[in-house]
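Participant: Handing you this structure, nothing more for now.
Please treat every number below as a calculation from the coordinates, not as lab data. Treat the numbers as computed from the prediction; the structure is a model and nothing was measured. Backbone-built Cβ (ideal geometry, glycine too); neighbour counts: all protein chains shown.
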Amino acid sequence: MPQFVLITVGELLFSISGLEFSYSQASPSMKSVLQAIWLLTVAAGNVLDMIISGTHLFRPATEFFVYASLMVVVISIFTFLAYR
């Protein structure tokens, strides 16, 4: 149960600050497009979660390690692109 609470709090903090930053920095004509792209990435993450959880290939504890591994891959790509 504490894992769910920690992930939920992290998602709330990231989503609120990310949406607010993207909305405040976008030009008026791009505000809705930026929010749509943000929500599209959330939807893609939910689909990925449905695929991983729906296959029942992993025990629940192992699923968290799969998600953490995916996050490490994404962070590595983000870091590479940020320093480029």
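Participant: Kindly give Rg over Rh for the chain, based on alpha-carbon atoms, with the Kirkwood expression for the hydrodynamic radius.
Facilitator: 1.03
Participant: Whole-Hz Karplus ³J(HN,Hα) for region 74-79, in order, using 6.51 cos²θ - 1.76 cosθ + 1.60 and θ = phi - 60°, x for Gly and Pro?
Facilitator: 5, 5, 5, 5, 4, 4
Participant: Select from region 9-72 those chymotrypsin sites (Phe, Trp or Tyr not before Pro) which occupy a DSSP coil region and have at most 16 other Cβ atoms within 10 Å, ordered by residue number.
Facilitator: PHE58
Participant: If you don't mind, another one. Counting other beta carbons within 10 Å of each residue's own, what order do GLU20, GLU63 fall into, fewest first?
Facilitator: Placing the least packed residue first, the sequence is GLU20, GLU63.
Participant: Label ILE16 and SER53 with points 7 Å out from Cα along Cα→Cβ: what is the distance between them in nm?
Facilitator: Reported label-point gap for ILE16 and SER53 is 2.3 nm.
Participant: Something else: List the residues of region 39-55 whose backbone N lies under 13 Å from a point placed 7 Å from the Cα of GLN3 along the Cα-to-Cβ direction.
Facilitator: 53
Participant: If amide H atoms are built 1.01 Å from N in the plane of the peptide, which residues on other chains or at least 5 residues away come under 5 Å of the amide H of PHE58?
Facilitator: Excluding prolines and chain starts, which carry no amide H, there are no hits.
Participant: Only residues of region 54-78 count here: report those whose backbone N is under 20 Å from the spot 7 Å along Cα→Cβ of THR41, or say none.
Facilitator: Correct set: 67-78.
Participant: Expressed as an acute angle from 0 to 90° and rounded to the nearest 10, what is the orientation of the C-alpha long axis of helix 2-25 relative to the principal long axis of the chain?
Facilitator: 20
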